[in-house]
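Below is one structure, written out as structure tokens; the observations come after it.
The values are calculated or read from the model by the stated rules, or taken from the named source; none is laboratory data. Just so it is clear, the structure is predicted and the values come from calculations on it, not from any experiment. So basically every Cβ, Gly included, is an ideal-geometry build from the backbone, and we count neighbours across all protein chains shown. Note: areas computed on protein heavy atoms with side chains; ligands, DNA, RNA excluded. Shrake-Rupley method; radii C 1.70, N 1.55, O 1.52, S 1.80 Å.
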Amino acid sequence: MNILIQIAYLAASILFIIGIKMLGRTSTARKGNFLSSLGMFIAIFATVIQVEAITLVDILICVIIGSALGLFIAFKVQMTKVPEMVALFNGFGGLASLTVALADFWLNTQEKGLQVDQITGISVAISILIGGVTFTGSLIAYLKLNGKVSGKAITFTGQHLINLLLLIAAVGVSVFALTDFSNPTFMIALAILSLVIGVLVVIPIGGADMPVVISLLNSYSGMAACATGFVLNNNVLIVAGALVGASGIILTQIMCKAMNRSLINVLLGGFGQTSGSG
Amino acid sequence: MTAESFIILLYILVLASYVGFELINKVPPTLHTPLMSGSNAISGITIVGAIIACNVLNYGAISKWLGMIALILATINVVGGYALTDRMLKMFKKK
């Protein structure tokens, strides 16, 4: 592994830490965001220079499409609709982690016919599970704030039991996936299950509690990126993912406190609809 | 992955998580949303993984297309996330 690339990843990690720290103070927040974006640029640049010359064109096309869409959304959106856009971006990040883990798994087990080790297999499963929950969970949060799905808490009897059973099923298919890597059916089943779980865990939560949920899902997307780092054996993914995962949980707690709510209360759902917003 | 490299990655995970826990304290309420948005952009770091996943020469490969889809999604997350955060913070300064 090229030492310069590793040093670039280290520099990016440091810039992320400083960036998050500075984002917490009004006077330094904007500079903090800039430093963190500089870190991201360095990490991307260090990665791009290692790829095959021919794939550079594909990468450039994807980056141009993604940048155009991202900038369009970021500049078009009204400032009152920021939380729902954060939810949408966050959902894309979660889906990206799921897709990267699945792509790497598919490449090794289906296209190269390699046997992957258990640690990598478990990391793939965790990426898929957390990434999938983040994607559909964020999408529901976006739709709720948008009014396209009722901001009221949607509850039905046996909800928590169904969620629990789905989670057990997700663990079950993961175990099956780990016993036979040549058969991708179980990993795909896990992806579908995780997408369903994401919908079901957010749908019972009222619109007024959505900012807290988005903050928690933001933390999840960090954890998904972190798990993807274990799949790819990549330090910067692990550091950045862990930073977002951990700081996201603290921020979620702070936001809960500011709203006089407990996190457990929010997650169990069915309470937030009385506040009317959303 | 060898046990040695797994342990090193685990160290990185634990220490980075600890730093993440310690980074946030006493954030003024007005900064809650920008901080969430800004750290959301950082979680788009998965873009690095997407670039690596795109680095397959065979266009018939499913993994290549998954990689390219991931790259578009991650780029939206990164570019949109940073731009939106900056737009928010710019408004604060005018006050």
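Please list, in order, the residues from region A:183-227 whose amide nitrogen is less than 18 Å from a point placed 7 Å along the Cα→Cβ vector of B:VAL14. Inside the label zone: A:227. Buried surface for the B/A pair, taken as the accessible area of each chain alone minus that of the pair with a 1.4 Å probe, is close to 7500 Å² in total. Note on A:THR179 and A:ILE54: the extension gain reaches 41.4 nm, defined as 0.36 nm multiplied by sequence separation minus the Cα-Cα distance. Which angle from 0 to 90°, rounded to the nearest 10, does the C-alpha axis of helix B:81-94 make with the longest principal axis of chain B? On a 0 to 90 degree scale, this one is about 10. Against the empirical 2.2 N^0.38 Å (N residues), region A:80-275 has a Cα radius of gyration ratio of 1.04. Once the Cβ-Cβ distance of A:PHE72 and A:LEU10 is raised to the sixth power relative to R0 = 30 Å, the FRET efficiency obtained is 0.35. For the pair A:MET79 and A:ILE3, a Förster radius of 30 Å applied to the C-beta separation gives a FRET efficiency near 0.10, rounded to the nearest 0.05.
If R0 is taken as 41 Å, the Cβ-Cβ distance between B:GLU22 and A:LEU164 corresponds to a FRET efficiency of 0.80. Burial of accessible area (probe 1.4 Å, heavy atoms of protein chains only) in region A:219-236, relative to its chain alone, reaches at least 40 Å² for A:PHE230, A:ASN233.
For the residue pairs A:LYS76/A:LYS152; A:LYS148/B:LYS64; A:LYS81/A:LYS144; A:LYS81/A:LYS148; A:LYS76/B:LYS64; A:LYS76/A:LYS144, the C-alpha atoms sit more than 23 angstrom apart in A:LYS76/A:LYS152; A:LYS148/B:LYS64; A:LYS76/B:LYS64.
Under the rule a/c < 1.5 gives rounded, and otherwise a/b versus b/c splits prolate from oblate, where does the protein assembly as shown land using the Cα gyration tensor?
Oblate, since a/c reaches 1.5 and b/c is not below a/b.
With axes computed from alpha carbons, what is the tilt in degrees of helix B:62-75 against the longest principal axis of chain B, rounded to the nearest 10 within 0 to 90? The angle comes out at about 10 degrees.
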